[in-house]
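Data block below; observations after.
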Amino acid sequence: MQYIDNVIFLILLIAGFGLFAKSLMKIYRNIQLGKEINRSDKKSERWETMARVAMGQSKMVKRPVAGILHLFVYVGFIIINIELIEIIVDGIFGTHRFLASVFGHSFYSFFTATLEVLALLVIIGVVVFFIRRNFYGVKRLTMKELFGWPKHDANWILIIEFALMIAFLKMNTADWVLQQRGLLPEHGSFPVSSTLLGPIFSNFSDGFLFFTEKAAWWFHFVGILFFMNYLYYSKHLHIILAFPSTWYANLEKKGKFNNLESVTKEIKLMMDPNADPYAAPAEGAEADVPSKFGAEDIFDLNQVQLLNAYSCTECGRCTSVCPANITGKKLSPRLILMKTRDRMEEVGRNIDKNGKFVDDGKKLLNDYITKEELWACTTCNACTEACPILLDPLSIIFEMRRFLVMEQSAAPQELNLMMTNVENNAAPWQYNQADRLNWANEN
C-alpha cells in the first residue's frame with residue numbers, strides 16, 4: 001500500500017502524455033493533408049528567425065505593454081515547468097525535491113527563488129490580461145468573430161495558468177514552513193511564497209501543512225497534464241507550433257507572389273520565336289500540369305499554410321491593421337486562419353469516423369470563406385507584417401483567388417475587364433495599341 005501513490009502517479013503520467021501524443025499525431029495528420037512545399041533553404045537564416053521571433057518574442061514587444069506581459073507569462077510558464085522533471089522523479093520514486101541533490105544547495109536555492117519570482121510575474125501577467133480582455137475593451141479582442149468559444153477558451157487558459165501558479169506558491173509555502181519547523185530537510189529558497197503567504201501558513205498545524213503541500217503538489221501535476229491535453233482544443237497550440245511556423249516562414253520579400261511553373265513554361269513557349277506550337281509535349285510533361293489551379297479546399301493548400309492555421313493565437317493584430325477590415329469590409333485575416341483550422345478539424349473528424357476522407361459536399365471556399373472576404377483584400381501585406389509569429393493569411397487568400405480566376409473565371413467585373421484589355425490591348429486600359437502614345441502629342 002505504501003506505493004499506491006507512485007502507481008497512481010505513473011498511471012496518470014502515462015495516460016496524460018499518451019493522450020497528448022495522440023493529439024499531436026492528429027494535428028500532424030491533418031497538416032499532411034496539404035500539398036508538400038520545400039522550405040528547407042536558408043537554414044541558418046531560418047534557425048536565426050525561429051530563435052529571434054519564437055523564442056525571443058521580438059515581434060511581440062512592438063506593442064510594449066502587451067509584449068512585456070506576454071514575455072512574463074511565456075518565459076515564466078515555460079521555465080517553471082522545468083520543475084516538471086523534479087515532479088516526475090519525485091512522483092515515480094517517492095523522493096522529495098530530487099533536484100536539490102543534483103544541483104547542490106546553493107544553485108538549487110537560486111533555482112527555486114527564480115521560479116518563485118517568475119511565478120509572481122505570471123500571476124501579474126494573466127490577471128492584467130484577463131482584465132484587459134474582458135473589461136478594458138480592446139477592439140481586436142472584443143470583435144464578433146471571438147464571441148462564444150474563442151473568448152471562453154482565452155479566459156479558461158488564463159484561469160488555468162493562474163490556478164497552477166497559485167498552487168505552486170502554496171506548495172512552496174507549506175514546504176517552507178515545514179522546513180522552518182524542522183519537519184522537512186531545508187532545500188531551496190522561497191522569497192515570494194514565504195513573504196506573501198508565509199505569515200498566514202505559519203498559523204496552521206503540521207498535519208494541515210503536510211496535507212496542503214501534498215494537495216498543491218498533486219493539483220500542480222494534474223493541472224499540467226490537463227493543460228497539456230487542453231492545448232489540442234485551444235488557440236494556445238502556438239506555444240508549441242510557433243517554433244515550426246517561424247522556421248518554415250516565407251523568407252522572400254513581402255509582395256513577391258509565387259508563380260505557377262506550368263504557366264511560366266507556357267508563356268516562355270509562346271514568346272519563343274523558335275518554338276514549334278504544334279510539337280507534341282515532351283514525355284511526362286503532362287504530369288507537370290497541376291490538377292487544379294489555386295485552392296478550393298484545404299487539400300489544395302500547402303502544408304505550411306495548414307500549419308499556420310493551427311498556429312494562430314487569435315490575437316487579432318493582423319485584423320487590427322487590415323485596411324479592408326478597418327473600412328468596414330467583411331474580411332478579417334484572423335478569421336481566414338480560424339476558418340481554415342475549422343475546416344481542417346471537420347475533415348479530421350470525417351477521417352476519424354470513416355477511416356478515410358469521404359466527400360461531405362463542403363469546401364473551404366463558400367462554405368467557410370466567402371468570395372466577398374477574398375476580394376476585399378488589397379494584398380498590402382499589413383497582416384503578415386503584424387503577425388507576431390510570421391503567419392501568412394494572405395497566401396491563403398491569394399491561392400483561393402487564383403482558383404476563382406483560373407478555374408471558375410469568377411473574378412469581379414472590374415478585374416475581368418482589365419484582364420480582357422491586357423489580353424487584347426497589352427494594357428489595362430480600353431483603347432487601341434496604336435493610340436498608346438497619343439498623350440505625348442497633347443499640348
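The values are calculated or read from the model by the stated rules, or taken from the named source; none is laboratory data. Everything numeric here is computed off the predicted structure, so don't read it as measured data. All Cβ positions, glycine included, derive from the backbone under ideal geometry; neighbour counts span all protein chains shown. Each accessible area value is taken on the protein alone, full model and side chains, heavy atoms only, with ligands, DNA and RNA left out. Shrake-Rupley method; radii C 1.70, N 1.55, O 1.52, S 1.80 Å.
Can you tell me how many residues in region 288-339 are free of Cβ contacts under 8 Å to residues at least 60 places away in the same chain and open to solvent by 10 Å² or more (accessible area, probe 1.4 Å)?
Residues meeting the conditions: 12.
Going through I396, I351, I389 one at a time, which residue ends up being surrounded by 13 or more Cβ atoms within 10 Å (Cβ to Cβ), of a type in the set (A, V, I, L, M) and part of a loop (DSSP other than H, G, I, E, B)?
Sole residue among the options that is surrounded by 13 or more Cβ atoms within 10 Å (Cβ to Cβ), of a type in the set (A, V, I, L, M) and part of a loop (DSSP other than H, G, I, E, B): I389.
Six or more apart or on different chains, Cβ atoms under 9 Å: show the pairs whose first residue is in region 132-147 and among the polar types (S, T, N, Q) and whose second is open to solvent by 70 Å² or more (accessible area, probe 1.4 Å).
N134/K151; T142/K151
What are the residue pairs meeting all of these: first residue in region 247-263, first residue touching a residue at least 12 places away in the same chain (Cβ under 8 Å), second residue exposed (fewer than 14 other Cβ atoms within 10 Å of the Cβ) and not in a loop (DSSP other than H, G, I, E, B), Cβ atoms under 6 Å, and 6 or more apart or on different chains?
Taking only residues 6 or more apart or on different chains, the pairs are S262/D288.
Residue by residue, here is whether (1) closer than 30 Å to C387 by Cα; (2) outside any helix (DSSP H, G or I) holds:
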| position | (1), (2) |
| --- | --- |
| E213 | no, no |
| F219 | no, no |
| V222 | no, no |
| H236 | yes, no |
| K253 | yes, yes |
| K265 | no, no |
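Given the condition modelled with pLDDT under 95, assigned to a helix (DSSP H, G or I) and either open to solvent by less than 70 Å² (accessible area, probe 1.4 Å) or of a type outside the set (S, T, N, Q) (or both), answer yes or no: does some residue in region 29-41 qualify?
No: zero hits.
Please find, among I336, I351, I397, I369, the residue that is farther than 30 Å from A54 by Cα and at pLDDT 95 or above.
I351
Where the second residue is assigned to a loop (DSSP other than H, G, I, E, B) and open to solvent by less than 60 Å² (accessible area, probe 1.4 Å) and the first is farther than 16 Å from P244 by Cβ and lies in region 13-38, which pairs have Cβ atoms under 8 Å and are six or more apart or on separate chains?
K35/L301
Would you confirm, using the coordinates I've provided, whether V7 is of a type in the set (V, I, T), part of a helix (DSSP H, G or I) and surrounded by fewer than 14 Cβ atoms within 10 Å (Cβ to Cβ)?
For V7, the condition - of a type in the set (V, I, T), part of a helix (DSSP H, G or I) and surrounded by fewer than 14 Cβ atoms within 10 Å (Cβ to Cβ) - is met.
Return the residue satisfying two criteria in turn: it lies in region 42-58 and is open to solvent by 20 Å² or more (accessible area, probe 1.4 Å) and outside any helix (DSSP H, G or I), and of such residues it is farthest from I224 (Cα to Cα).
Only one residue tops the list, namely K42.
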